[in-house]
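The values are calculated or read from the model by the stated rules, or taken from the named source; none is laboratory data. Computed from a prediction, not measured in an experiment: that's the story for all the values here. Quick reminder, even Gly has a Cβ in these numbers, built from the backbone with ideal geometry, and neighbours come from all protein chains shown. Ligands, DNA and RNA are excluded from the accessible area calculation, which covers all protein heavy atoms including side chains. Shrake-Rupley method; radii C 1.70, N 1.55, O 1.52, S 1.80 Å.
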Amino acid sequence: MTTRYNELLDPEFMNRLERLDIVSRKIYFGRMKGERRSKRKGQSVEFADYRNYVSGDDLRFLDWNIYARLERLFIKLFFEEEDLHVSILVDASASMRYGNPDKALYARRIAAAVSYIGLINYNRVSVTAYSDRYGPELVGFRGRHMIHQVLDFLANLDSAGAGNMAAACRRYAIRHPQKGVVLLLSDFLDKGGYETGLRYLVGRNYDLYAVQLLAPEEIEPKLAGDLQLRDIEDNDLAEITVTRALLNRYKQNLNAYCLALRDFCARRGVTYLFTPTTVPFNQLVLTYLRQRGLLK
Amino acid sequence: MNFLAPWYLPALATVLTVPPLVLLYFLKLKRQELPISSTLLWKRAVEDLQVNAPFQRLKSNLLLFLQLLLLLLAILAIAEPTWSGPRDWKKSVVLILDQSASMAVEEGARQTRLDLAKEQARQAINDLASNQKAMVIGFSNRARVLQTFTNDKNALHRAVERIEQTDAVGRLTEAMNLAEVYAMPTGEEAATETEVSDAQYIVFTDGRLPDTADITVQRGTMDIVRIGNRRDNVGIVNLDVRRNYEKPELLSVLVRVRNFGYDPASRDISLLVDDQLRSVQAIPLLAPLADRELLTRMPLSGLPPEGNEVSIAFELPLATAARIEVRLSGTDALPIDDRAYAIVPPPRAMNILLVTPGNYYLRRLVPAMPVANCTICSPEEYEEASDDKLIENGRCLYDVVIIDGHSTERLPAGNYLFFAGAPLIEGVRIGPGIEGQPFLDWDETHPVLRHVSVPAINVFSWLDIKLPNQAIPLIEGPEGPVLAVLRQERNQYLICAFGLFDSTRTYLNTDWVLNEGFVVFVYNALRYLAGATSAGQIEPVRPGEPFTVAARPEAASVRILRPDGEYDQATASPTGLATYGRTNKVGIYSIATGIAGEDARAVNLLDEQESFIAPNKDFHIATGSVTATGSLDRSRRPLWPYLLMTFGLVLLLEWIIYNKRVFV
């Protein structure tokens, strides 16, 4: 399915995104010079600390003023500024196609917006889609000019197949040892469970953000009569006779499911955000993601 | 509750509709398929509901139960159920209960027909609406109002309870007349009521009433509630006791027994004299009257089928007065007709006084009758005779006085046969002679005219005699009676308005004297007038009818011992006669008169209509035909409107439940 770029990001909204940057609550090592402070001490202009000179140190970083005063050799250390690795994991299972507006488009728009913010701030942006299999994947893009490739990737992203979050996260964790910000966009309605997958990501010590997207039809089902519900991922069937009790029970279960996910995330330092697709996309990016600390 | 539709109609509807409905529920429901993102939470919700609600399956089948209920209601409506409710009777209800002898038939569970009739009457009383009034009449040979019109149900119940079984015959006419009189609106009611309301006559009877053809229902409707079912009965229908003409000490007892049932019957008959068994005879097998069903629809008329009845004769020497009883062996539905009684006076020949100016025929004929002594005198001698020659103990010395061509006032207590004359007593007027007129009517069944051919009698002229109302005419002419019986106080008169000779006593006035009919008539007349004196027995009394006995001189009352062992008193009139009317039970009523032959009366049923106990299904009254129903006819009210209403309510409930399930 090809989605036009404008559907993902319109120019006006892109202008508004220019002012935002991605925040990482943790400081990681970067791979390349960038604009973000790294854990590594390096050659930036910002003084960080002193340490004793040991033989072999670069004499250029000796602080001669201190030597003149104390007659001891000290090496000046400077903060290193490196790039941030921003990864976006997009659930591309068939269930994401559900709803009006559908969750897949909503997820891709979030991914596009966050990618754009990452690119313009010289972060290393990766976008990975998964369903029952891992991929396709867009790895290590930097710079504003790469936005078209990212949008192109997202626009052509198809949502099909059953979701397998555990396998996808495991694969991702293996392939991406580089620490950074990981934004996971999914409905989390995975019959295999979300816990295993999240544990893989948490284990890598990513700065992890979990955004759960649900369609209004999933939150407030408008169903009536005797129905045979077909799971669009695995064609599993559920025969129901819609009653008030059943609907109440469904809502209770959904609420409990979301609360359990939130608790799971909270206990592991994962930032959780629940959003129905009825929430305007602009509002989500400009308000809710900023409130959650992903953007500033 | 009853169903009007044949049983197979609702059964067919059940078979055609209920299994398919249940099958539809067993079949997998064709559900609409709907793709959703994940069945994860839905399945969990369904499982949760099933776990949390143990009655969920039942709840989900509530619609099935409701639909089954709807179907059952519809099927029930197809069966056209009805319930029997009180009938829409008219405002005035007359409950008429038969208490005649045949109502004593036991119908099982120690309940007689009268008990059943009372039960039905009580039900009718309970069914009365508050604006209805009712009255209660009991009848056998006489009708008696036990409760006049009232809406007090307790009073009506008490009146029904007061109805007692009698052994009398049933006659409905009097009861209906009484009922109609009472049902007529009184002057006040007639003035206020714009519409004259009819009455509802409900007769509780087994239906063997010989007089129904005389009944007319002028205003109102008549319902017959047929009581009883038994039809097996063998009964004594006639008992004739006579002394031998030549040898009065020889007694002949003739018993006629008839089978009224549908099975052949075999019985023995016993003869008891003064409670001592004297003879037993076996009755040959009695043929049934008709088959079981026909019995309830046939009238008892015409000749009986061959072998259906039998006459048994006993002959025994009996020189004294005696109480005769005949008994049938075995048991049947009606025991009271299995016994019959007769009181036999001692043999005594008659004393006759013939008062005539000279009548060759009578002078020759009367002494030839079985009489002990026949005294002949002229009218003048009769008028001039001293009292001691005529009267003894206040009664006439002669058993019968025959007065020919003479009217007199000298009539001591006794029996008189007048030819061309009449007793000169109050109420009797003798007019001029009537010539050349025919006889219009006569009663051949009367003992006096038995075996007498009245049409063969030619009379030239007779006296126009006016008699009191209580006189019983035997032969009637255009102007009045030609032959009549008149009982007055202690005297009994048989008055023949014509003489044997004309007024000049030269020519014969009638040719009757020339044929044997006259001889038979005189014999009958003497027997009738002399009563038991010359006959074999004292005339028996029918149950419920009164009898008159002579009291002891100066006695104020007569003590009577009833068959049930109780004593009654009958007050004697100044003339020394006592009339007793409580003869409701069959048997011998002993009377302390001290006069042999007058000291008892036999009360016998001897009525074929009462012994024919098969309940009558077809009633024909003068104003039409009435069908007798087996029980109190309660109106059938249809139930289907209520079923339809329930159907609608259940349908509404089903609709609400269905919609509640679907639209949340």
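For B:SER84, the accessible area of its heavy atoms, probed at 1.4 Å with every protein chain present, is near 50 square angstrom. Relative contact order, whole percent, for chain A stands at 19, derived from Cα pairs under 8 Å and 6 or more residues apart. Near B:ASN141, the amide H atoms lying under 5 Å from its own belong to B:VAL169, B:ARG171; only residues 5 or more places off or on other chains count, and H is placed 1.01 Å from N.
Taking beta carbons within 10 Å but only from partner chains, what does the mean come to for residues A:190-200? Let's see the in-between values first.
Numbers: counts 2, 4, 0, 1, 0, 0, 0, 0, 0, 0, 0.
Per-residue shielding by partner chains comes out at 1.
Between B:MET645 and B:VAL15, what's the calculated FRET efficiency when r is the beta-carbon distance and R0 is 30 Å? Round to 0.05. Plugging the Cβ-Cβ distance into 1/(1 + (r/R0)^6) gives 0.70. The HN-Hα couplings worked out from phi for region B:39-49 by the Karplus form 6.51 cos²θ - 1.76 cosθ + 1.60 (θ = phi - 60°) are 8, 3, 6, 5, 4, 4, 5, 5, 4, 4, 5 Hz, whole numbers, x standing for Gly and Pro. The angle between the Cα long axis of helix B:516-530 and the longest principal axis of the Cα atoms of chain B comes to about 80 degrees, rounded to the nearest 10.
Write down the percent of antiparallel bridges among all DSSP beta bridges whose residues are both part of chain B, to the nearest 5. Can you show the working numbers first?
On the way: 89 of 134 bridges.
Around 65 percent of the beta bridges assigned by DSSP in chain B are antiparallel ones.
Across region B:547-603, Cα-Cα distances exceeding 12 Å account for 59% of all pairs. With every protein chain in place and a 1.4 angstrom probe, the accessible-area ranking of B:TRP7, B:TRP89, largest first, reads B:TRP7, B:TRP89. Excluding ligands, DNA and RNA, the accessible surface per residue across the protein assembly as shown is 48 Å² with a 1.4 Å probe.
Residue by residue along A:234-243, Cβ atoms of other protein chains within 10 Å of the local Cβ number 6 on average. For the residues of A:219-229, the average number of beta carbons from a partner chain within 10 Å of their own beta carbon is 5.
Normalising by the residue count of region B:547-603, find the relative contact order in percent from Cα pairs under 8 Å and 6+ residues apart. That works out to 35 percent. Between B:THR548 and B:ALA74, the FRET efficiency estimated from the beta carbon spacing at R0 = 45 angstrom works out to 0.05.
With a cut-off of 14 Å on the backbone N, no residue of region A:144-172 is near the modelled label site 7 Å out from A:ASN205 along Cα-Cβ. Extension gain for B:ALA368-B:SER84 works out to 94.9 nm (0.36 nm per residue, less the C-alpha to C-alpha distance).
Most fluctuating residue of A:HIS176, A:HIS145, A:HIS85 in a GNM of chain A with Cα springs under 10 Å: which is it? So, out of A:HIS176, A:HIS145, A:HIS85, the one fluctuating most is A:HIS145. Under 5 Å between amide hydrogens, built in the peptide plane, is the criterion, and for B:ASP511 it picks out B:ASN458 among residues at least 5 positions away or on other chains. Think of each Lys and Arg Cβ as +1 and each Asp and Glu Cβ as -1; about the Cα centre, that makes the dipole of the protein assembly as shown roughly 9640 debye. Relative to the longest principal axis of the Cα atoms of chain B, helix B:172-183 runs at roughly 60 degrees. A Stokes-Einstein calculation at 37 °C with viscosity 0.692 mPa s, built on the Kirkwood radius of region A:134-279 over Cα pairs, returns a diffusion coefficient of 189 µm²/s.
Compared with the direct C-alpha span, the chain from B:LEU24 to B:VAL181 gains 49.6 nm at full extension, assuming 0.36 nm per residue. Both numbers refer to the Cα atoms of the protein assembly as shown; Rg and Dmax are 62.7, 211 Å. The label point for A:LEU70 and the one for A:GLN252, both projected 7 Å from the Cα toward the Cβ, are 6.8 nm apart.
Since only A:LEU286, A:PHE78, A:TYR200 are under comparison, the one whose Cα sits farthest along the positive direction of the charge dipole of chain A, derived from C-beta charges on Lys, Arg, Asp and Glu, is A:PHE78. Buried between A and B is an accessible area of approximately 3200 Å², summed over both sides with a 1.4 Å probe.
Using +1 on the beta carbon of Lys and Arg, -1 on that of Asp and Glu, and nothing else charged, what's the dipole of chain A about the Cα centre, debye to 20? Walk me through the numbers before you get to the answer.
Details: 43 positive and 36 negative charges, 227 e Å.
With Lys and Arg at +1 and Asp and Glu at -1, about 1100 debye.
3J(HN,Hα) couplings calculated from phi for region B:106-113 with the Karplus curve 6.51 cos²θ - 1.76 cosθ + 1.60 (θ = phi - 60°) are, in sequence order, 7, 9, x, 6, 6, 10, 7, 4 Hz; Gly and Pro show x. Across the options B:GLN50, B:PRO185, A:ASN121, the greatest Cα extent toward the positive end of the charge dipole of the protein assembly as shown (unit charges at beta carbon of Lys, Arg, Asp, Glu) belongs to A:ASN121.
With respect to chain B, whose longest principal axis is taken over its alpha-carbon atoms, helix B:640-662 is tilted by about 10°.
Across region A:179-187, coupling constants 3J(HN,Hα) worked out from phi with the 6.51/-1.76/1.60 Karplus curve, θ = phi - 60°, read 6, x, 7, 10, 10, 9, 10, 7, 8 Hz, and Gly and Pro carry x. Only sites in a loop by DSSP and with at most 13 other Cβ atoms within 10 Å count here; which GluC sites (Glu not before Pro) in region A:61-105 make the cut? Taking region A:61-105 and a limit of 13 other Cβ atoms within 10 Å, the loop GluC sites (Glu not before Pro) found are A:GLU71. Among A:GLY197, A:GLY118, A:GLY269, which one shows the highest mean-square fluctuation when chain A is modelled as a Gaussian network with alpha-carbon springs under 10 Å? Result for chain A, Cα springs under 10 Å: A:GLY269 fluctuates most.
With an 8 Å Cα cut-off and a minimum separation of 6 or more residues, compute the relative contact order for chain B in percent.
Taking the mean separation of contacting Cα pairs over the length of chain B, I get 16 percent.
With all protein chains present and a 1.4 Å probe, how do B:HIS446, B:HIS620 order by accessible area, largest first? Write down the numbers at each step before the final one.
Working: B:HIS446 20, B:HIS620 115 Å².
From most exposed to least exposed: B:HIS620, B:HIS446.
So what's region B:234-343 giving for Cα Rg divided by 2.2 N^0.38 Å, two decimals? Show your work: numbers first, answer last.
Working: Rg = 15.2 Å, N = 110, 2.2 N^0.38 = 13.1 Å.
Here the answer is 1.16, to two decimals.
Loop-located chymotrypsin sites (Phe, Trp or Tyr not before Pro) across region B:495-589 with a Cβ neighbour count of 10 or fewer within 10 Å are B:TYR507, with loop assigned by DSSP. Suppose R0 equals 60 Å; then what is the FRET efficiency for B:ASP388 and B:LEU294 from their Cβ-Cβ distance, rounded to the nearest 0.05? Using R0 = 60 Å, I get an efficiency of 0.35. Can you list residues whose amide H is under 5 Å from B:GLU80's amide H, if they're 5+ apart or on another chain and H is modeled 1.01 Å from N? Hits under the 5 Å cutoff: B:ALA5.
Out of B:LEU500, B:PHE518, B:SER378, whose Cα points farthest toward the positive end of the dipole of region B:350-533 (charges: +1 Lys, Arg; -1 Asp, Glu; placed on Cβ)? My answer, from the dipole projection, is B:PHE518. A protection proxy built from the mean count of other Cβ atoms within 10 Å ranks the segments B:554-566, B:473-485, most packed first, as B:473-485, B:554-566.
For the residues A:PHE47, A:PHE61, A:PHE153, a GNM of chain A with alpha-carbon springs under 10 Å puts the largest fluctuation on A:PHE61.
Counting only DSSP H runs of at least 4 residues, each contributing -39500 (n - 2.57), and dividing by the residue count of the protein assembly as shown, the helix-based mean residue ellipticity at 222 nm comes to -8000 deg cm²/dmol. Ligands, DNA and RNA left out, the accessible area of chain B computed with a 1.4 Å probe is 53% carbon and sulfur.
Note on B:GLU380 and B:ASN238: their simple-model spin labels are 4.9 nm apart, each label 7 Å out from Cα toward Cβ.
Where the only charges are on Cβ atoms (+1 Lys, Arg; -1 Asp, Glu), what is the dipole of chain B about its Cα centre, to the nearest 20 debye? Present the calculation step by step, with values, prior to reporting the outcome.
On the way: 64 positive and 79 negative charges, 771 e Å.
I would put it at about 3700 debye.
Panel note: the C-alpha atoms of chain B, placed on their principal axes, show extents of 145, 64, 48 Å (largest first).
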